[in-house]
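Q: Quick one: this structure, given as structure tokens, is what I'll be asking you about.
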């Protein structure tokens, strides 16, 4: 009988943001496949989870993937976790999930935190219709993507690093203009959590005066589209 691959969501910052079910599954699984075993050890130690870990990250080769699939085929249950949040959202979990499905291995999700959803519900922007991009392309296709947002009426969500955030905001502002609401969610659930709301000029000015640090979720909403939504 084949094992089960559990997709276990873990905290995005505050270690208390984990479900009782997630803790139980991490304890009951035969193995934990972790993006960074050193990082995940902090969480596992807090909840006295002794399950052996196997590293699985974006640089893992096909041999590591085959190892995990072989364990599942042999009847072992594996809990898949990322460094933070829900596995498969901007991390290497997708490859393992797809390969498990190709081998008729059962997948069970254990839901929990996700940074972009936490940012969205706190943003004040429209939540009924949004599009999530993960991390944006660094070079090829970047300007084309920003241009495609000119008539976008959905809330746009993506992640960005602190050393690129000012440049990214300036590039988008140059292409899209001023009729946009901007929300920046920084270090969500952590000690220095900060949620900023404003326009491009205000947000860019803020980070030029206060150098950006931490992990960022950016949300954009076309003001004109918001007005037309209200009138409908």
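Nothing in this text is a laboratory measurement; each read-out follows from the coordinates by a stated rule. Quick caveat, the model's predicted, so the values are computed rather than measured. Reconstructed Cβ throughout: ideal geometry from the backbone, glycine too, with neighbour counts over all protein chains shown.
Q: List 16, 187 from most exposed to least, where exposure is judged by having the fewest other Cβ atoms within 10 Å. Walk me through the intermediate numbers first.
A: On the way: 16 8, 187 16.
Lowest to highest Cβ neighbour count: 16, 187.
Q: Hey, what did region 4-110 get for relative contact order, percent, Cα under 8 Å, at least 6 apart? Display every interim value, and only then the final one.
A: Working: 178 pairs, mean separation 47.3, N = 107.
Relative contact order comes out at 44 percent.
Q: In degrees between 0 and 90, to the nearest 10, how far off the longest principal axis of the chain does helix 62-73 point, with axes built from Cα atoms?
A: 60 degrees
Q: Separation of region 116-144 and region 181-210 by C-alpha centroid, Å?
A: Answer, in whole Å: 15.
Q: Rounding to the nearest 10 and keeping the result within 0 to 90°, find how far the Cα-based axis of helix 200-209 lies from the longest principal axis of the chain.
A: 70 degrees
Q: May I pose another question? Among 48, 160, 170, 194, rank each residue by its count of other Cβ atoms within 10 Å, from fewest to most, as a rough exposure measure. Provide the component values of the computation, followed by the final result.
A: Working: 48 8, 160 19, 170 12, 194 16.
Lowest to highest Cβ neighbour count: 48, 170, 194, 160.
Q: Suppose R0 equals 35 Å. What FRET efficiency, 1/(1 + (r/R0)^6) with r the Cβ-Cβ distance, do residue 27 and residue 135 give to the nearest 0.05? Mind showing how you got there, number by number?
A: Numbers: r = 32 Å, r/R0 = 0.92.
About 0.65, to the nearest 0.05.
Q: Which percent, nearest 5, of DSSP beta bridges in the chain are antiparallel?
A: Numbers: 18 of 37 bridges.
Restricted to the chain, the bridges split so that about 50 percent are antiparallel.
Q: May I pose another question? Cβ neighbours within 10 Å, averaged per peptide: list 92-101, 172-181, 140-149 in order, most packed at the top. It would help to have the intermediate numbers written out before the result.
A: Working: 92-101: 17.3, 172-181: 15.6, 140-149: 12.8.
Ranking, from highest mean packing down: 92-101, 172-181, 140-149.
Q: Calculate how steeply helix 165-176 sits against the longest principal axis of the alpha-carbon atoms of the chain, using the helix alpha-carbon long axis, and give the answer as 0 to 90 degrees to the nearest 10.
A: Long axis of 165-176 versus the principal axis of the chain: about 50 degrees.
Q: I would also like to ask the following. Sort 135, 130, 56 by Cβ crowding within 10 Å, fewest neighbours at the top. Mind dumping the intermediate values first?
A: Working: 135 11, 130 17, 56 27.
Ascending number of Cβ neighbours within 10 Å: 135, 130, 56.
Q: Considering only C-alpha atoms, what is the centroid distance from region 60-110 to region 10-57, in Å?
A: 15 Å
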